[in-house]
């Protein structure tokens, strides 16, 4: 399932090369580099400081998001060359 506009642009070899390079860079910075997980941890800590925060639910939902991030990171290794 693609995106029509993205698919159209990816037909251009020059654009495709640029797209793949930038995608790998984002993967490295956000996922493989741990930035996304770090931001999630910051958000959870900040939320849990609020009076009345449902910390149990936050912990549960954060765990689900961490699993999603880990799964996505592993899946993208092959796409990005294991960056």
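Data table
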read-out	value
Sorted by Cβ neighbour density within 10 Å, fewest at the top, the residues 44, 79	79, 44
Computed [θ] at 222 nm, deg cm²/dmol, the chain (DSSP H ≥ 4; -39,500 (n - 2.57); rounded to nearest 500)	-24000 deg cm²/dmol
Cα-based shape type of the chain, given that a ≥ b ≥ c are square roots of the gyration tensor eigenvalues and the cut on a/c is 1.5	prolate
The range 4-80 - percent relative contact order, Cα under 8 Å, separation 6 or more	33 percent
Nearest-ten-degree value, helix 55-80 long axis tilted from longest Cα axis of the chain	20 degrees
Cα→Cβ-extended label distance, 7 Å offset, between residue 39 and residue 58, nm	1.9 nm
Between helix 13-26 and the chain: long-axis angle, C-alpha atoms, 0 to 90°, nearest 10	20 degrees
Förster radius 25 Å - calculated FRET efficiency between residue 12 and residue 78, Cβ distance, rounded to 0.05	0.60
Using alpha-carbon coordinates, inclination of helix 35-48 to the longest axis of the chain, degrees	20 degrees
Gained length - residue 23 relative to residue 4, 0.36 nm times residue gap less alpha-carbon distance	5.0 nm
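Quick note: the coordinates plus some simple rules give every number you see, no bench work behind them. Note that the structure is predicted; figures quoted are calculated from it, not measured. Glycine gets a Cβ as well: all are built from the backbone with ideal geometry, and neighbour counts include every protein chain shown.
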